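Each remark here refers to the structure printed beneath this line.
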Amino acid sequence: MGKSQLGEILFTLRAVKNQVNRLAKQINASKNVLPTFGTSKHDGTPHIEIDGEKYRYVVYDRGSIVRSWQTLDIQELLYWIFQDVTSQMGNSYELAHRNPNVDSRKLAFHHRLELLEKLNLEWKEKEQQKIKEILRSHPYSDETH
C-alpha cells in the first residue's frame, strides 16, 4: 500500500470495493447503481481505479472519457460514488412515485438527501448546498412567483 502526501494510507482497490459495498447495504443500493472496480464497462457506468498515489473516478462511454476526477482522500472518493448512487436512486424513487403536478426534482432531491443522511451527514450537507445552487439558477417549475 502506498501513502498519500497527506500521510493517509491509500486503500487497495479491494478495500475500497468492500467499503462501497458496506455503505451500499446501508441504503439498500442495488449492484446495478454501483461503480465497477479496476475495469470499465465503457457504457457510462462509473469506474474506480487507483493510479499511483491517487484514487480515480472515471466514466467512460463508448471509448471516451466523459468524466474523470482524482483525489488522495478516500472520503472524497466515497462522496463522489454515493453522490451518483443516491442521484440514480432518487430519480428511480421519483419515477415510481411521480406526481405530474409537482416538479420531479423535488421528490428526487429529497430522497437523495435522505439516503446521504444515512451514510454521512457531511455528504448530505455538501449535496444540499449543490442542490441550492442548482435551484438558484433553475427554480422548481411548480413554484409560484
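General remarks:
- Pair list, Cβ < 6 Å and 6+ apart or interchain, from the stretch 79-91 residues that are over 16 Å from R56 (Cα atoms) and surrounded by fewer than 20 Cβ atoms within 10 Å (Cβ to Cβ) to residues that are hydroxyl-bearing (S, T, Y) and modelled with pLDDT of 95 or more: none
Residue-by-condition table, conditions (1) surrounded by 19 or more Cβ atoms within 10 Å (Cβ to Cβ); (2) under 17 Å from T36 (Cα atoms):
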| position | (1), (2) |
| --- | --- |
| K54 | no, yes |
| W69 | no, yes |
| Y93 | no, no |
| L107 | yes, no |
| N120 | no, no |
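- Looking only at the stretch 43-74, and only at residues there that are touching a residue at least 24 places away in the same chain (Cβ under 8 Å) and in contact with a helix residue (DSSP H, G or I) (Cβ under 8 Å, 6 or more places away or on another chain), the one that is nearest to L121 (Cα to Cα): I74
The values are calculated or read from the model by the stated rules, or taken from the named source; none is laboratory data. Fair warning: this is a prediction, and the values are worked out from it, not measured in the lab. Quick reminder, even Gly has a Cβ in these numbers, built from the backbone with ideal geometry, and neighbours come from all protein chains shown.
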